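So the structure is just underneath, and the comments pick up after that.
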Amino acid sequence: MTAQVDYLAVLFTTTSGASGDLLGSDETELEQLVWQLVDLKNKKLGKVNEVLIRPEHSDLAEDCLGEREDSEESVSTVTGLEHALNQFHLRLTNEVNSLGAGTSVCVCTDGQLHIRQVLHPEAAGKNLALPECFNSFFDLRKEFRKHFPSADTKSLEVQYMAESLSVTVEPVAILEPPAVLDPTAVLDPTAMLSPVTAALQVQTMANIVLALLLEPLCE
């Protein structure tokens, strides 16, 4: 799956507007970065990290920030995309260096919209340079299709992939209140995702990566 890298940073973004297959289509600003490091060699997961962003042209609801920004060191709140990217790069680099078993890392997302429709356009519009790790990325949907060729990439969702691989997730402490990803739930793509939902998506995606590492490829 990922012979050329040591770690995957499983990443999920939310904006102040549409989500799902409509993510980035309304050009609203980024409001959340959530990620979890996957140690591919040792098949271990790092902690779930979250940066909540107060955009320059939108009011982030106070109930989205809540008490979580102070209760967990893996959760922080910043103002503006530049500070969020700096926080992401610093925390990711520190976590990779602390593990001491290789330094190559690549971002992994659910589809291409998080990178191509959200991060790159907003950074370009604000004359910001993205960290180098955003120059290429693994598309979890495409990786899934290497193992399940009959799956339709466009209709794939995290819930479907998790169900296909019998992946179950125990929510981590960052999720307050505790949440469970309902495989039958239909998310409204016109609505903003809650921080709890985004964090749970990342946790599920990271476990899908681990499951795919054990799943034989279909040639």
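The values are calculated or read from the model by the stated rules, or taken from the named source; none is laboratory data. Quantities reported herein were computed from a predicted structural model and do not represent experimental measurements. Because the Cβ atoms are built from the backbone with ideal geometry, glycine has one as well, and the counts that use them run over all protein chains shown.
Every residue, every condition in (1) modelled with pLDDT of 70 or more; (2) outside any loop (DSSP other than H, G, I, E, B); (3) more than 18 Å from residue 20 (Cβ to Cβ), yes or no:
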{"site": "141", "(1), (2), (3)": "yes, yes, no"}
{"site": "145", "(1), (2), (3)": "yes, yes, yes"}
{"site": "160", "(1), (2), (3)": "yes, yes, no"}
{"site": "170", "(1), (2), (3)": "yes, no, yes"}
{"site": "177", "(1), (2), (3)": "no, no, yes"}
{"site": "207", "(1), (2), (3)": "yes, yes, yes"}
{"site": "211", "(1), (2), (3)": "yes, yes, yes"}
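Selection of region 13-51 for residues being over 14 Å from the mean Cα position of the chain (by Cα) and within 22 Å of residue 94 (Cβ to Cβ) yields 39, 40, 41, 42, 43, 44. Within region 95-117, residues that are touching a residue at least 60 places away in the same chain (Cβ under 8 Å) and β-branched (Val, Ile, Thr) have Cβ atoms under 7 Å from residues that are surrounded by fewer than 13 Cβ atoms within 10 Å (Cβ to Cβ) and in a loop (DSSP other than H, G, I, E, B) in these pairs: 96/103, counting only partners at least 6 apart in sequence or on another chain.
Within region 95-109, is there a residue that is surrounded by 15 or more Cβ atoms within 10 Å (Cβ to Cβ), in a helix (DSSP H, G or I) and in contact with a strand residue (DSSP E or B) (Cβ under 6 Å, 6 or more places away or on another chain)? There is at least one residue in region 95-109 that is surrounded by 15 or more Cβ atoms within 10 Å (Cβ to Cβ), in a helix (DSSP H, G or I) and in contact with a strand residue (DSSP E or B) (Cβ under 6 Å, 6 or more places away or on another chain).
Pairs only if they're at least six apart or on different chains, beta carbon under 7 angstrom, first in region 156-171 and more than 13 Å from residue 209 (Cα to Cα), second aromatic (Phe, Trp, Tyr); list them, first residue then second. Pairs that qualify, where the first residue is more than 13 Å from residue 209 (Cα to Cα) and the partner is aromatic (Phe, Trp, Tyr), are 156/144. Just so you know, in region 110-129 the residues that are of a type in the set (Gly, Ala, Ser) and in a loop (DSSP other than H, G, I, E, B) include one that is nearest to residue 145 (Cα to Cα), and it is 111.
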